[in-house]
Amino acid sequence: MREAIVGRLRVDAVVETAGPTRPTWLFPAATAEGLERHRAWLAPHFLDAAGRLLQSVHTFVVRTPDLTLLVDTCIGNDKDRGGRRPFHMLRTGFLDTLRAAGVAPETVDVVICTHLHVDHVGWNTRRDDGRWVPTFPRARYLFARREWEHWSSEDDEGTRRIMADSVAPVLDAGLADLVSMDHRISDGIWLEPTPGHTPGHVSVRLASGGDDAVITGDLLHHPVQIAEPTWQTTFDSDPDEAIETRRGFCERYGDRPVTVLGTHFHDPTAGRIVSAGGGFRFAVDGTR
């Protein structure tokens, strides 16, 4: 997307991977007929000619006059995910792309993880001489305490791998802060509780100079969920709570001058929630 300007804040999406996804892989309740109902506003940005969902895995770089923040850190390189595609042993040029956007790892002040799933924590760390070290050595990493407590108590192998290679090294380095789900980072940047997808899931609110924006995290994986809030994902911890949170989010921000920045929305990524046919849809605004 072209940068989104929120008062004195600038937001850029830096993409790690992007492409089409089979709808039922993400949303078991999705149907071809249901997607066709929304094709007029989904295509061509979010739905391709074959009826596949277009998605992106990216970090949001938020620049203020005083701070550089990253929101979510994608999948990461060299991470053993037990052969699970599309996350296993990636090799991308993400850090080069980040530098090309004007952000060197050592200049990042704050890293916010909306939750601790595999595609939101990967670049928290990088491989260095056989061990995992924090990628952003000067940054404070913010994890919602409720989220960390939940996943650190899980003992399935996949979760243990994610925590061991992408979360624990940051804690061990003394760079992590476990915070409340409504934690305020600075004037105009704070966390908003949006549980359901995971127990401690948060979105990130931005406000400056009379402008407002919200970074969704995974309460929305794709714009179609704005129109179809009951299309839960296969990855929701509490599907009923996720649906309730999604509906409340759309009611709260629908028809308001709030820029919505989708954490997995394909380019153009930024837009507004607007009323449509008794519900809501996503409308791309001046950013793209």
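Only a single item in (1) at pLDDT below 95; (2) within 24 Å of Thr198 (Cβ to Cβ); (3) not basic (Lys, Arg) is not met by Cys113, and it is number (1). Remark: Val224 matches the filter, which requires a residue to be farther than 20 Å from Val204 by Cα, crowded, with 24+ Cβ neighbours inside 10 Å and not polar (S, T, N, Q).
Are any of the residues in the stretch 130-148 at pLDDT below 95 and either under 15 Å from the mean Cα position of the chain (by Cα) or not hydroxyl-bearing (Ser, Thr, Tyr) (or both)? Looking for residues that are at pLDDT below 95 and either under 15 Å from the mean Cα position of the chain (by Cα) or not hydroxyl-bearing (Ser, Thr, Tyr) (or both), one finds at least one in the stretch 130-148, hence yes.
Among the residues of the stretch 214-269, those that are aliphatic (A, V, I, L, M) and more than 14 Å from the chain's Cα centre (by Cα) comprise Val224, Ile226, Ala227, Ala242, Ile243, Val258. How many residues are of a type in the set (Lys, Arg) and within 14 Å of Ile215 (Cα to Cα) if we restrict to the stretch 238-251? Of the residues in the stretch 238-251, 1 are of a type in the set (Lys, Arg) and within 14 Å of Ile215 (Cα to Cα). Could you name every one of the strands (runs of 3 or more DSSP E) located completely within the stretch 115-228 that has at least 1 residues being over 27 Å from Gln55 (Cα atoms) and small (Gly, Ala, Ser)? Filter on the stretch 115-228 gives 176-179, 184-186, 202-208. Considering the stretch 240-288, the qualifying strands (runs of 3 or more DSSP E), each wholly inside and each with 3 or more residues that are of a type in the set (Gly, Ala, Ser) and either surrounded by fewer than 18 Cβ atoms within 10 Å (Cβ to Cβ) or in contact with a Ser or Thr (Cβ under 8 Å, 6 or more places away or on another chain) (or both), run over 270-276.
The residues of the stretch 43-68 that are over 25 Å from His115 (Cβ atoms) and surrounded by 21 or more Cβ atoms within 10 Å (Cβ to Cβ) amount to a single one, Leu47.
The values are calculated or read from the model by the stated rules, or taken from the named source; none is laboratory data. This structure is a prediction, so every number in the text was calculated from the model and none was measured. Positions of Cβ are backbone-derived with ideal geometry, glycine not excepted, and every protein chain shown enters the neighbour counts.
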